[in-house]
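Peer 1: Structure in structure tokens, see below.
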């Protein structure tokens, strides 16, 4: 009888304990996106143990009149139930944290190669009509990219992986 050796380290990822407050719609996509993002942020990966989704996904009109696209809102909590940050998770996989230090390539991304985000290339990009935002093609429609001022590059999170426009 032959034995097969395998490593489980390749599939380990952060699993958060989730609480839903007034959420009646399917939000599996938000949980997946948040957990994937937490895995890539050293300050959250070591501290986050649970998360809460507040209400149903929705659009929000901002003070300046623009609309924050359809997203799920919630908080990330520590073992002691202390709020680490709040978040907006978007259907395209993007997660924005309220504390900038937790957003990819910001704050406490250290010198370690393990902590540095890995960006892929090969995505289709274009600028919007007034050249103020990069758009990337998700296979069915154009999505807004995220500007990383620290690297002066446009990036996108698609299916749990970060892509850069080079």
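Peer 1: Among (1) over 19 Å from residue 67 (Cβ atoms); (2) under 18 Å from the mean Cα position of the chain (by Cα); (3) at pLDDT below 80, which single condition is residue 147 missing?
Peer 2: Just one mismatch for residue 147, condition (1).
Peer 1: Let me ask something additional. Considering only region 73-96, how many residues are in a strand (DSSP E or B), under 20 Å from residue 42 (Cβ atoms) and without any contact (Cβ under 8 Å) to a residue 60 or more places away in the chain?
Peer 2: 9
Peer 1: Still on this structure, I have one more. Just a yes or no: is a residue in region 44-67 touching a strand residue (DSSP E or B) at 6+ places or on another chain (Cβ under 9 Å) and in a helix (DSSP H, G or I)?
Peer 2: There is at least one residue in region 44-67 that is touching a strand residue (DSSP E or B) at 6+ places or on another chain (Cβ under 9 Å) and in a helix (DSSP H, G or I).
Peer 1: Take the residues in region 20-43 that are at pLDDT 85 or above, assigned to a loop (DSSP other than H, G, I, E, B) and buried (at least 18 other Cβ atoms within 10 Å of the Cβ), then tell me which one is farthest from the chain's Cα centre (by Cα).
Peer 2: Initially, region 20-43 is screened for residues at pLDDT 85 or above, giving 20-35, 37-38.
The next check asks that each one be assigned to a loop (DSSP other than H, G, I, E, B); those that pass are 22-27.
Now drop any that are not buried (at least 18 other Cβ atoms within 10 Å of the Cβ), which leaves 23, 27.
Numbers: 23: 20, 27: 14 Å.
Top of the filtered list is 23.
Peer 1: Just one of the numbered conditions (1) over 22 Å from residue 161 (Cα atoms); (2) at pLDDT 90 or above is not true of residue 6; which one?
Peer 2: The one condition residue 6 does not meet is (2).
Peer 1: Residue 122 fails exactly one of the following numbered conditions: (1) farther than 17 Å from residue 36 by Cβ; (2) at pLDDT below 80; (3) in the same structural domain as residue 57 (by TED's automatic domain parsing). What is the number of that condition?
Peer 2: So the condition that residue 122 fails would be (3).
Peer 1: Now, a different point. Taking the conditions exactly as written (within 22 Å of residue 143 (Cα to Cα) and either modelled with pLDDT of 95 or more or not assigned by TED's automatic domain parsing to the domain that holds residue 159 (or both)), does residue 75 satisfy them or not?
Peer 2: When the stated conditions are applied, residue 75 does not pass them.
The values are calculated or read from the model by the stated rules, or taken from the named source; none is laboratory data. Since this is a predicted model, take the numbers as computed values, not measurements. Cβ coordinates were reconstructed from backbone atoms using ideal geometry, including for glycine residues, and neighbour counts include every protein chain displayed.
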